[in-house]
Amino acid sequence: MAARSRPDATERVMELMMFLLARDVPKTREEIWRDTGLYAPEGTTDRRSLDSARASFERDKALIRNLGVRITESMEHDGATSYTIRPRDYFLPDLQLSRDEQLALRFAAARVDIGETWDLEAVAKLASGDPSAPIRKTEPAGAEVALQTAAASQSATSARLPALAAAAAERAAVRFSYGGRERDTQPLGLLCRAGYWYLAAREDDVVKTFRVDRMDGDVEVSERGAFARADVDVASLLPSEPMEIDFGDDFEAQVRIDATMAQQSTAERGTVVERHDDGSVTVTARVRNRAAFRMWLLDMGRHAIVESPPELVDEITSWLGALSAGAGEAGR
């Protein structure tokens with residue numbers, strides 16, 4: 001059996017958290033290690049490996065607790081400690097926001113449209129029910145539809161994640177509808193990039209990634225142990241740079257960044273092609289995710305100017321003009 005590629009610390013903590021959340025009954029440390037493969041190689045007796053695994057497991061539990069997530073511990077009949085995360089200790093409770101508070105949240109989310117739905121998803125999480133009062137006319141016409149769509153997408157994604165995480169940990173095959181057809185896959189793990197969750201899985205002997213929010217309907221999980229663990233570096237399957245994750249765009253942007261921002265890490269996300277006497281730099285960046293590109297520009301504010309291609313210059317100018325007009329209108 002091939003050894004599983006070790007995830008980095010962040011991915012390991014996320015997998016552990018999702019595993020504990022998906023369990024109907026508490027699991028002991030040994031069961032967690034065996035079912036997830038996150039810590040010590042299965043069957044190892046090497047003392048150094050076991051000591052390292054115990055230390056990592058304790059650090060991961062402490063980090064989860066420091067994030068505000070409660071891990072419930074219980075004592076088994078043989079004296080072993082078992083662990084679980086109860087849904088009520090993980091998910092945000094109903095905040096019982098008033099109608100005016102919900103309206104304020106929805107208006108704020110609609111007012112700043114950067115091409116993604118994270119703000120609307122946050123509103124969908126926080127607002128309980130749809131307030132009956134009409135939305136102000138300054139709200140974009142599509143915001144109501146976007147809010148409802150984001151709420152449905154967020155709910156479906158949240159429902160699928162525990163099952164997918166458990167399937168990857170327990171080597172259970174998963175079947176789901178994606179891209180208009182049924183997919184029979186061997187899940188390898190979950191990735192989070194640019195605010196979206198992806199399932200890394202093998203389909204027809206090819207390793208692929210599937211965006212969880214684009215899956216249709218429920219996922220069907222088979223019996224555990226249906227396939228051998230794959231020696232795949234899941235973290236390398238998607239670029240770490242959000243602008244390079246394929247969202248249907250593919251162009252090269254040229255941006256001039258002034259001296260104030262040129263030495264900052266934000267600017268380093270582009271490739272410097274020219275340095276100017278005033279300390280500014282011209283950088284190019286491959287963009288496969290237009291929304292992430294806009295976020296990058298917002299991070300730099302007035303210190304960055306898009307220079308090419310011309311159609312992108314026009315698009316960004318129009319977008320910033322709409323944001324400025326909307327802010328002025330809201331302030332009156």
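In region 274-281 there is at least one residue matching the filter, namely being part of a strand (DSSP E or B), of a type in the set (D, E, K, R) and free of Cβ contacts under 8 Å to residues at least 24 places away in the same chain. Kindly evaluate VAL287 against the criterion of being in contact with a strand residue (DSSP E or B) (Cβ under 8 Å, 6 or more places away or on another chain), over 30 Å from ARG211 (Cα atoms), surrounded by 18 or more Cβ atoms within 10 Å (Cβ to Cβ) and among the hydrophobic types (A, V, I, L, M, F, W, C). Against the criterion (in contact with a strand residue (DSSP E or B) (Cβ under 8 Å, 6 or more places away or on another chain), over 30 Å from ARG211 (Cα atoms), surrounded by 18 or more Cβ atoms within 10 Å (Cβ to Cβ) and among the hydrophobic types (A, V, I, L, M, F, W, C)), VAL287 does not qualify.
Of the helices (runs of 4 or more DSSP H) lying entirely inside region 1-93, those containing at least 3 residues that are at pLDDT 85 or above are 9-22, 29-36, 47-66.
Any chance region 47-64 includes a residue that's in the same structural domain as ILE32 (by TED's automatic domain parsing), more than 19 Å from VAL25 (Cβ to Cβ) and touching a Leu at 6+ places or on another chain (Cβ under 6 Å)? Within region 47-64 (the criterion being in the same structural domain as ILE32 (by TED's automatic domain parsing), more than 19 Å from VAL25 (Cβ to Cβ) and touching a Leu at 6+ places or on another chain (Cβ under 6 Å)), the answer is yes, since at least one residue qualifies. Scanning region 171-209 for residues that are farther than 16 Å from MET14 by Cα and among the charged types (D, E, K, R) turns up ARG171, ARG175, ARG181, GLU182, ARG183, ASP184, ARG202, GLU203, ASP204, ASP205, LYS208.
Looking across region 233-251, just one residue is modelled with pLDDT of 80 or more and either surrounded by 13 or more Cβ atoms within 10 Å (Cβ to Cβ) or over 27 Å from ASP314 (Cβ atoms) (or both), and that is PHE251.
The values are calculated or read from the model by the stated rules, or taken from the named source; none is laboratory data. Note that the structure is predicted; figures quoted are calculated from it, not measured. Cβ sites come from the backbone with ideal geometry, for glycine too, and all protein chains shown count toward neighbours.
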